[in-house]
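Visitor: Quick one: structure below, then a few questions.
Bear in mind that the values in this text are calculations on the coordinates, not laboratory data. These numbers come from a predicted model, not from an experiment. Glycine gets a Cβ as well: all are built from the backbone with ideal geometry, and neighbour counts include every protein chain shown.
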Amino acid sequence: MKRLLTALFFILSPLSAQASDCDQFFPNGKEIVVPDTKVLCNSFFVSVFNTKINGVVFSSEIAQARLVKTERTNNFRADKRIANSPTPEDYTNTGYDRGHMVPAADADDSKEMSDTFFMTNMTPQLPSVNRVAWKNLEDRVRSVPFKYVLTGAIYDSSLKTIGINKVPVPVILYKLAYFDSGNIAIYVVDNIKDAKVRTISIEEIEALSKLMLH
């Protein structure tokens, strides 16, 4: 575990004096500022993307009513806001799925659905993780009355990559569900075959991610 770090030793910076354009999507409405990243504002979530390693650090979404089931589009595509953005083709024949950070099933309309298919909202996940453990975790979190959900990726120092654009492969994926009560539920999944969801403390996830998350 001591080799684990988030995108090559992130150090949390103080909150920016100038608010981002999508602070409302961060937990408690305050941007989590991370060096070497670009904040990507989307329709109901924000992605914080590390431009040095060309991978997502975390995405954060705000609770929605989800009153209408929206048809899944599968329009995976590069994000023009990022130079050398990951592409769907980077995942071809690699053995990894294009795994959502913010789930497509959380979308309330076609625009929101489309936004979840930006490749800046994806991480390479083994099929048994993406289609079983991660999917079950998404369903579990969606069933509870959260206020925000933050989904992150943790990379190790070897920084394994796939594709022409060298998309980094995370070793751990995690979700934090924030509730109005102030409680936070924390779930992690190792990006290994037949991984199981487990829970850890806020202190443990902050130590792993190098982020202040509460």
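Visitor: Given a Förster distance of 30 angstrom, what is the FRET efficiency for residue 111 paired with residue 212, based on the Cβ-Cβ distance and rounded to 0.05? Walk me through the numbers before you get to the answer.
Guide: Numbers: r = 32 Å, r/R0 = 1.05.
The computed FRET efficiency comes out at 0.40.
Visitor: Using the Karplus curve 6.51 cos²θ - 1.76 cosθ + 1.60 with θ = phi - 60°, work out ³J(HN,Hα) for each residue of the stretch 32-40 in order, rounded to whole Hz, and write x for Gly and Pro.
Guide: 8, 8, 10, x, 6, 10, 10, 8, 10
Visitor: I'd like the FRET efficiency for residue 77 and residue 192, computed as 1/(1 + (r/R0)^6) with the beta carbon distance as r and R0 of 25 Å, rounded to 0.05.
Guide: Working: r = 28 Å, r/R0 = 1.13.
Step by step, r from the Cβ atoms, then E = 0.30.
Visitor: Ok, one more. Given that just one value was derived from the coordinates, which of (i) 19.9, 64; (ii) 19.2, 67; (iii) 15.7, 45 is Rg and Dmax of the Cα atoms in Å?
Guide: The calculated read-out lines up with (iii).
Visitor: If you place +1 on the Cβ of every Lys and Arg and -1 on the Cβ of every Asp and Glu, how big does the dipole about the Cα centre of the chain come out, in debye to the nearest 20? It would help to have the intermediate numbers written out before the result.
Guide: Details: 25 positive and 24 negative charges, 93 e Å.
Computed about the Cα centre, the dipole is about 440 debye.
Visitor: At 0.36 nm per residue, minus the direct Cα-Cα distance, what do residue 166 and residue 203 gain on full extension? Give it in nm, one decimal, please.
Guide: Working: separation 37, 0.36 × 37 = 13.32 nm, distance 3.09 nm.
Fully extending the segment from residue 166 to residue 203 adds 10.2 nm.
Visitor: Next question. Which pairs, out of 38/69; 111/210; 69/147, put more than 28 Å between their alpha-carbon atoms? Walk me through the numbers before you get to the answer.
Guide: Numbers: 38/69 31 Å; 111/210 33 Å; 69/147 20 Å.
Distance filter (> 28 Å) returns 38/69; 111/210.
Visitor: To continue, here is another question. Report, by chain and number, residues whose modeled amide H sits under 5 Å from the one on residue 172, excluding near sequence neighbours (fewer than 5 apart, same chain).
Guide: Under 5 Å from the amide H of residue 172 lie the amide H atoms of 154, 191, each far enough along the sequence or on another chain.
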